[in-house]
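What follows is a single structure, written as structure tokens, with notes after it.
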Amino acid sequence: MATRADSIRASSLRATVHDVAECFAEHSLLTYASAIAFRALVALVPLTLLGLSLLGAFGLEGVWTDTIAPALEDHLTQPVFNGIDFTVNRIFAADKSALIALAIALVIWDMTWAVNAVMQALNRIHDVEEGRSKLRRVGVAAGLGLAVILCLIAAVLVQSVAPSVTDGSLDTLLGVLRWPVSIFFLWAAVAVLFRFAPAQKPEFRWASGGSLLVIGTWIVASALFRGWVTEVADLKSATGSLTVFLVLTSYVLVSATIFLVGAELDELARKRNRGS
């Protein structure tokens, strides 16, 4: 009996993988994943500027000097690190309000284009026509982009700031709690896109299930990327520096692909549920 049950589960898994692969090709999702990844890469620059400006605005420069800078210094040549450190300190010393306003404007602009690609991809996945006006699509994309930005910033701040807030027993407690809190913010970002980006909103239970799968898979991919950067990459050589950019673009593309795979699995589960 156990063997038959295992065989049924294996057959169902193979069928699901086959269906996802077919739908991925049918909906040209790799093209959409590439578009999303490109806009996300472009948004990384103003997003980094925004994160550093917020650290300076809240008086958390120690996150850079005590945590981020030492990690970078070990993997970079001294002239390169000095240039980065000088730039970061100039950001800390500059007018925070102007920098934050500029960074927010640039991030929202880039994220609006990224979310627009997400909207088109999810419409293809759900087989729905885009009936929203152009103005409404831009407004929805900008609003969702802002929501995603806030969730990402909250997740990063929780990871970066929590260990340095207190000392002693509370430090250990916050060090443990920061992980589920960060994962919650990441889940919220994905769930919001799954729910509100398509022209027709899917049932929330399917959206939440797919987003959890995306987050779980993305965490594994992120751990592998971090391990490669910290243990394998040689940023002190020209070849190593170029390889890092290649791996970074691949990582962002894989992340976008994982997102669309999760959405496709949601849609397949919804169709099977209706057919049962």
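Points worth noting:
- Flag if ALA33 is over 30 Å from ILE91 (Cα atoms) and modelled with pLDDT of 85 or more: yes
- Search result, residues across the range 234-256 that are over 11 Å from the mean Cα position of the chain (by Cα), polar (S, T, N, Q) and part of a helix (DSSP H, G or I): THR239, SER241, THR243, THR249, SER250
Okay, residues lined up against (1) assigned to a helix (DSSP H, G or I); (2) touching a Ser or Thr at 6+ places or on another chain (Cβ under 6 Å); (3) at pLDDT below 85; (4) surrounded by 19 or more Cβ atoms within 10 Å (Cβ to Cβ):
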{"residue": "LEU146", "(1), (2), (3), (4)": "yes, no, no, no"}
{"residue": "CYS151", "(1), (2), (3), (4)": "yes, no, no, yes"}
{"residue": "VAL158", "(1), (2), (3), (4)": "yes, yes, yes, yes"}
{"residue": "ALA162", "(1), (2), (3), (4)": "yes, no, yes, yes"}
{"residue": "LEU174", "(1), (2), (3), (4)": "yes, no, yes, no"}
{"residue": "LEU177", "(1), (2), (3), (4)": "yes, no, yes, no"}
{"residue": "PRO180", "(1), (2), (3), (4)": "yes, no, yes, no"}
{"residue": "LEU193", "(1), (2), (3), (4)": "yes, no, no, yes"}
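- Boolean, ALA25 is small (Gly, Ala, Ser), at pLDDT 85 or above and in a helix (DSSP H, G or I): no
- Of the residues contained in the range 121-134, one or more are found to be part of a helix (DSSP H, G or I), modelled with pLDDT of 85 or more, exposed (fewer than 15 other Cβ atoms within 10 Å of the Cβ) and on the phi < 0 side of the Ramachandran plot.
Conditions (1) in a helix (DSSP H, G or I); (2) on the phi > 0 side of the Ramachandran plot; (3) modelled with pLDDT under 85, marked per residue:
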| site | (1), (2), (3) |
| --- | --- |
| ALA71 | yes, no, yes |
| HIS75 | no, no, yes |
| ASP85 | yes, no, no |
| SER97 | yes, no, no |
| TRP109 | yes, no, no |
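- Residues of the range 62-90 that are over 24 Å from the mean Cα position of the chain (by Cα) and farther than 24 Å from GLY240 by Cα: GLY62, THR65, ASP66, ASN89, ARG90.
The values are calculated or read from the model by the stated rules, or taken from the named source; none is laboratory data. Since this is a predicted model, take the numbers as computed values, not measurements. All Cβ positions, glycine included, derive from the backbone under ideal geometry; neighbour counts span all protein chains shown.
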